[in-house]
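A.B. asks: Pasting in a structure now, in C-alpha cells, and then I'll have a few things to ask.
The values are calculated or read from the model by the stated rules, or taken from the named source; none is laboratory data. Nothing here was measured: the structure is a model prediction, and the numbers come from that model. Cβ coordinates were reconstructed from backbone atoms using ideal geometry, including for glycine residues, and neighbour counts include every protein chain displayed. SASA here: full protein model, heavy atoms, side chains in, ligands and nucleic acids out. Shrake-Rupley method; radii C 1.70, N 1.55, O 1.52, S 1.80 Å.
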Amino acid sequence: GRDEELAALAQAWNEVCSGRVVRLVTVIGDAGLGKSRLIHEVIQRNGADATVLRGRCLPYGDGITFWPLLMMVREAADIRDTDSPEIALNKLRQAVGDTDVADRLASAAGLITASFPLAELNWAARKFFERWSSAAPLVAFVDDIHWAEPAFLDLLEHVQLSAVDAPILLLTTARHDLIEERAAWGTQPGSVRLELNPLSDAAAAQ
C-alpha cells in the first residue's frame, strides 16, 4: 500500500547517489499510520550500501535543541554513556578529524563550556555530514521533527542547501503539527514531502 511513497524515496536515493547531492525527505502522518515502518523498509533496502546515522527529537527537556545531532555524532564517534567528557571529546576529535568542527559539535553536545554562534554550529554540522558521506552515501534519519526546535530545523535546511559533493539523504518523520508551524517545510528545491494516508482495506489485509 505504499508503492507510491517507496518510489519517491527510491528516486530521492538515486539522485543522492548518482549526483552526490543532498535530498531532504520528510514523511508526514499521524501516529500509527506506518511512518516508522516505511523508514525501516527504506533503510533495509539501502543501508547495506550506505552509512546510517540516527537521531530523535525530544518533546521536552534541557539541552534538546541539537539532541538529534548529538545522537548522530555519538554514534559516528562511538561515544558511550560510560565515557568521561574527556574521553568523549577525544573520540569526537579523532572521528571528525578537524578541531574547529569538533569543538563546535562538542559545544552543542555540552562536552565543552565554549559557546559559538548558531551559524558556526550549522557550519560544523554540515562539515560533519560531508565527512561522513565521503566514503559512502549517508542516510541521516531524524525521527519526530514536529518536536524540533526552530534552530534545528534551520540546521537541516542549511545542510540540505549548502553541502557540496556530498551524497546525503536527510530522512525525517513528523506529524502534521510540523506543517501547521512551518507551512513551507519540504517544498524547497531538493526537498520532498510525503504525506501518508491510511492504508486501504485491501492493503491493510495484505
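A.B. asks: To the nearest 500 deg cm²/dmol, what mean residue ellipticity at 222 nm is calculated for the chain from DSSP H runs of n ≥ 4 alone, each contributing -39,500 (n - 2.57), summed and divided by the residues? Mind dumping the intermediate values first?
C.D. replies: Values: 9 runs with 101 residues, N = 206.
After summing the helix terms and dividing by residue count, I get -15000 deg cm²/dmol.
A.B. asks: I'd like the FRET efficiency for residue 176 and residue 199, computed as 1/(1 + (r/R0)^6) with the beta carbon distance as r and R0 of 22 Å, rounded to 0.05.
C.D. replies: Numbers: r = 18 Å, r/R0 = 0.80.
It comes out at approximately 0.80.
A.B. asks: When the C-alpha atoms of region 117-206 are aligned to their principal axes, what extent does each axis show, in angstrom, from largest down?
C.D. replies: Principal axes ranked by extent give 48, 32, 21 Å for the Cα atoms.
A.B. asks: Taking a 1.4 Å probe, which of 115, 107 shows the most accessible area, and what order do the others take after it?
C.D. replies: Values: 115 100, 107 25 Å².
Order by accessible area, largest first: 115, 107.
A.B. asks: Which angle between 0 and 90 degrees, to the nearest 10, do you get for helix 150-162 versus the longest principal axis of the chain when only C-alpha atoms count?
C.D. replies: 90 degrees
A.B. asks: Further question on the same structure: Going from the alpha-carbon gyration tensor of the chain, what semi-axes, largest first and in whole Å, does one get by taking the root of 5 times each eigenvalue?
C.D. replies: Working: eigenvalues 172, 67, 51 Å².
Rounded to whole Å, the semi-axes are 29, 18, 16.
A.B. asks: Along the charge dipole of the chain, which of 147, 114, 205 sits closest to the positive end, that is, farthest toward it, with unit charges on the beta carbon of Lys, Arg, Asp and Glu (+1, +1, -1, -1)?
C.D. replies: 114
A.B. asks: Related question: In whole angstrom, how far apart do the alpha carbon centroids of region 40-85 and region 115-148 sit?
C.D. replies: 10 Å
A.B. asks: Using just the C-alpha positions of region 39-109 as equal point scatterers, what log10 of I(q)/I(0) does the Debye formula give at each q in 0.20, 0.27 1/Å?
C.D. replies: Computed log10 I(q)/I(0) values: -0.90, -1.19.
A.B. asks: Assuming 0.36 nm per residue, please report the length gained on full extension of the stretch residue 45 to residue 86 beyond their Cα-Cα distance. Write down the numbers at each step before the final one.
C.D. replies: Values: separation 41, 0.36 × 41 = 14.76 nm, distance 3.75 nm.
That works out to 11.0 nm of additional length.
A.B. asks: Roughly how many Å² is the accessible area per residue of region 1-121, as a whole number, for a 1.4 Å probe?
C.D. replies: Computed with neighbouring chains in place, this is 53 Å² per residue.
A.B. asks: Further question on the same structure: Working from Cα positions, state the angle (0 to 90°, nearest 10) between the long axis of helix 99-109 and the longest principal axis of the chain.
C.D. replies: Approximately 70 degrees, to the nearest ten.
A.B. asks: Still on this model: For region 87-175, what's the relative contact order in percent, using C-alpha pairs closer than 8 Å and at least 6 residues apart?
C.D. replies: Values: 99 pairs, mean separation 25.1, N = 89.
This gives 28 percent for region 87-175.
A.B. asks: Another question about this same structure. Students often check this: by mean Cβ neighbours within 10 Å, which of 8-16, 56-64, 169-177 ranks highest, and how do the rest follow? Could you put the intermediate results ahead of the total?
C.D. replies: Numbers: 8-16: 18.1, 56-64: 11.7, 169-177: 21.9.
Per-residue mean Cβ counts within 10 Å order the peptides as 169-177, 8-16, 56-64.
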